[in-house]
Amino acid sequence: MSFEILGIGTTTPQHSIEQSEAAVHAESLSCSSDSTDQQRRLLPILYRRAGVKTRHSVVLNSSTNGEIARQSFYPPATSEIDFGPTTSHRMKEYETHASSLAISATIEALNTGNVSPSEVTHLVTVSCSGFSAPGFDILLLKELDFSADVARTHIGFMGCHGALNGLRVAKSFTDNDPEACVLVCAVEICTLHQQYGWCPDKIVANALFADGAAAVVGKQGTNRSGESWKLVASGSTLIPDSEEMMSWRIGNHGFEMTLSPQIPDLINATLRSWLEPWLALQGFTIEEIGSWAIHPGGPRILNAVAEAVGFDELQLTPSREILAEYGNMSSPTVLFILKKLQSQNAKLPCVMLGFGPGLAIEAALINETEFV
């Protein structure tokens, strides 16, 4: 059986900042008054290499628009032991903004899919960038007049591949109940976790991450070919002895992301040996895949995927464009890419790929029909 995607909705905070300006803001947070000239020269280079042109953030008070974007959430560091707002302060901002992003993305998904809130039986929420209880799932049900009986499932702290886990759960619900209608909503406010001080790994994360939300609504797929895109299979694997390659831990001043520079090489060395047999179980070879929705963890990760899988560089264009326009929004990002591919009538089958702490590889196969 399959999970038929009826509608996808995406949204971002109101204000955005150009990457060159983000680097200017970051200098007062990452480079202390006695920083070396080398650090001040290297910081904008790290921001340029991220492959991001603009990013949206809830902390911005204005957008880049002929003058520099403004924000007051992150004051300049006053000393080498000033690490910025506390995690408690950052989580208050998460609680303030998460529900509005979720509501906006959900409304678009429901409208696109011609689904009314009363039809939704299951809600799967995804987030790794904040916590609160009651969470944005409760406010989402309340504000959009969902039934109080909607079954809620939350997928938390799984990282950039969280939406793929959400889709897997959605398919499980519809496989089990032919009448189920499932909404998956991924919300991330990554810019609440800007890290202070000079640490190249953390600066790379600062340069990549952004805020956004995406929602998908669907039901059990029909056997009609060409009617819609359907999730027909999902897969997951852990790369052995790679736990320290990527981490996402709660610190006293936000969540701290660690990204090893070895990640692209590890993906290059291991992805194909897992992906090829997994696709074979679904009845496909790599060469038969028509389009790819690759989570853009960064330019080097995209390059590693292309080299490992061996497909044409043009297959990465949707992922590169989303990264450039929005930054890495963590879990919603791959749904932004999927929506873009749909709007372009991209060839099916489509493979979605994401990478997260573990080091984990998550995959999903999208096709017109469940018979593969």
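The values are calculated or read from the model by the stated rules, or taken from the named source; none is laboratory data. The model shown is predicted, which means the values in this text are computed figures rather than measured ones. Here the Cβ positions follow ideal geometry from the backbone for every residue, glycine too, while neighbour counts run over all protein chains shown. All accessible areas refer to the heavy atoms of the entire protein, side chains included, with ligands and DNA or RNA removed. Shrake-Rupley method; radii C 1.70, N 1.55, O 1.52, S 1.80 Å.
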Check your understanding: Which one of the conditions (1) surrounded by 17 or more Cβ atoms within 10 Å (Cβ to Cβ); (2) under 25 Å from T369 (Cβ atoms); (3) in contact with a Ser or Thr (Cβ under 9 Å, 6 or more places away or on another chain); (4) at pLDDT 95 or above does E276 fail to meet, given that it meets all the rest?
Key -> (1)
Review point. Listed residues E287, E256, E243; which is more than 30 Å from D82 (Cα to Cα) and among the charged types (D, E, K, R)?
Key: E287
Review point. Which of (1) closer than 30 Å to G298 by Cα; (2) among the acidic types (D, E); (3) out of contact with any Leu (no Cβ under 7 Å at 6 or more places or on another chain) does D149 not meet, given it meets every other one?
Key: (1)
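Quick check on region 306-319. Is at least one of its residues out of contact with any Cys (no Cβ under 9 Å at 6 or more places or on another chain), open to solvent by 20 Å² or more (accessible area, probe 1.4 Å) and on the phi > 0 side of the Ramachandran plot?
Yes, there is a match, as at least one residue in region 306-319 is out of contact with any Cys (no Cβ under 9 Å at 6 or more places or on another chain), open to solvent by 20 Å² or more (accessible area, probe 1.4 Å) and on the phi > 0 side of the Ramachandran plot.
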Exercise for review: Tell me, please, whether a residue that is over 22 Å from the mean Cα position of the chain (by Cα), within 29 Å of A207 (Cβ to Cβ) and in contact (Cβ under 8 Å) with a residue 60 or more places away in the chain can be found in region 280-297.
Suggested key: no
Check your understanding: Is there a residue in region 348-369 that is surrounded by fewer than 24 Cβ atoms within 10 Å (Cβ to Cβ), in a loop (DSSP other than H, G, I, E, B) and modelled with pLDDT of 95 or more?
Key -> yes
Exercise for review: Return the residue satisfying two criteria in turn: it lies in region 234-273 and is open to solvent by 70 Å² or more (accessible area, probe 1.4 Å) and in a loop (DSSP other than H, G, I, E, B), and of such residues it is modelled with the highest pLDDT.
Suggested key: N252
**Study point:** Residue list for region 1-38, filter: open to solvent by less than 40 Å² (accessible area, probe 1.4 Å) and part of a helix (DSSP H, G or I)
**Key:** Q19, E21, A22, A23, A26, L29, S30
